[in-house]
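First the structure, in the form of structure tokens, and then the observations on it.
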Amino acid sequence: MTMRKHRLSWMSAVALASGVVQLAFVSVARAEEDSATETAAARTLAVDGLKLAQSGKCDEAIPKLDRAEKLHHSVIVLSRLGECKVSEGKLVEGTEMLRKVLREPLPANPTPALSKAYERAQTVLDSAKPRIAALTISIGGAQVPDLRLTVDGQTVAGTLVDSELPADPGEHLVEASAPGYLKAVARITLSAADHKTVTLKVDKDPNAPVVVPHPAGAAADAPAAQPASGGAPLAATSNSPPPPVHEAPSHAGAYVAWGIGVVGVGVGTAFGLVAMSDKHNLNGQCNANVCPSTSRDSLDSAKRAGNISTIAFGVGGAGLVLGTVLYFAIGNGSAEAGSTTPPRHFAGLSHGRALVGPGSVQLAADF
């Protein structure tokens, strides 16, 4: 059973490969048939076009020669097409065709007709080049964004502004346009070998739609407003105020209070240690809390250090408590400024105030 399945698979693969090969041969044959048909059609058009060009009827020869060249490239056809273009006044296009002919290498054993085509192409090109005119397009005023230039309906790259463009002798229509600007048009006539400059001034269109950025929350599909002059509709504007800008809360006061608190606690600790050291020394000199007169200075120093330590601890504690109150009070205030919900107070505290006195700290609060 397994061998039979393998045999069927092998036969299917052979049949598929055979079908692909047959399809490939059919495609190649169809392509060769189409190519032969196009070549024959190109030959007929070329013969007719060459005859017309030989008779001096280049206006009738150009369409036939052009179609023949597009179907099947021929140096002889392209050379005669370039000659006819030059004779019809299309110097720029015709000379480019002749240059293309001369860029192709001449075969080792060219036919007389091919050699003649190269000779004629060089002769016509040499006589036509000095007659090509030059046109410079300049844009007056400020720089215009998205500028579009055309000469006789053909688009000209914006990078060629203020650069000489090869042009045929005769009348030319130059146009410049841009979104939101009025079209500028100029007509200029060039003689053979002329070098002229045309300056176009592109002015803003007073009736052009004015784009106004929508504020946050404004409807994007709001109806457009009509200008008083009845011109083009203006972009819709909104009278709604801009959204409020909330600045980040500053906790500088809280940080300063905390700093004072830390310094106070540090000073209190230092003087407390001094007072404890003096008291320890006095314990060996005093009996039953009675000290001799020689120990009065040490006793005064211990009392002074103790008082300073107490006051410093009081100031430090007040600074720490005040900094905490300021930090959370400012934080809640900034959140309430941009929210319509009732403010949430820290740990149920509604209003708090710190009272600092000599040697004491009190925190009063209303609940």
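Observations, loosely collected:
- Some residue of the stretch 88-100 being over 30 Å from H195 (Cβ atoms), without any contact (Cβ under 8 Å) to a residue 40 or more places away in the chain and part of a helix (DSSP H, G or I): no
- Single unsatisfied condition, D66 versus (1) touching a residue at least 24 places away in the same chain (Cβ under 8 Å); (2) out of contact with any Gly (no Cβ under 7 Å at 6 or more places or on another chain); (3) buried (at least 16 other Cβ atoms within 10 Å of the Cβ): (1)
- Scanning the stretch 132-191 for residues being on the phi > 0 side of the Ramachandran plot and of a type in the set (F, W, Y) gives a total of 0.
- Within the stretch 69-89, the residues that satisfy the criterion of being crowded, with 18+ Cβ neighbours inside 10 Å and of a type in the set (D, E, K, R) are E69, R80, E83, K85.
- Residues of the stretch 150-181 classified as more than 16 Å from A134 (Cα to Cα) and in contact with a helix residue (DSSP H, G or I) (Cβ under 8 Å, 6 or more places away or on another chain), total: 0
Bear in mind that the values in this text are calculations on the coordinates, not laboratory data. Every value quoted in this text rests on a predicted model; they were computed, and no experiment measured them. Positions of Cβ are generated from backbone atoms using ideal geometry, with glycine treated the same way; all protein chains shown enter the neighbour counts.
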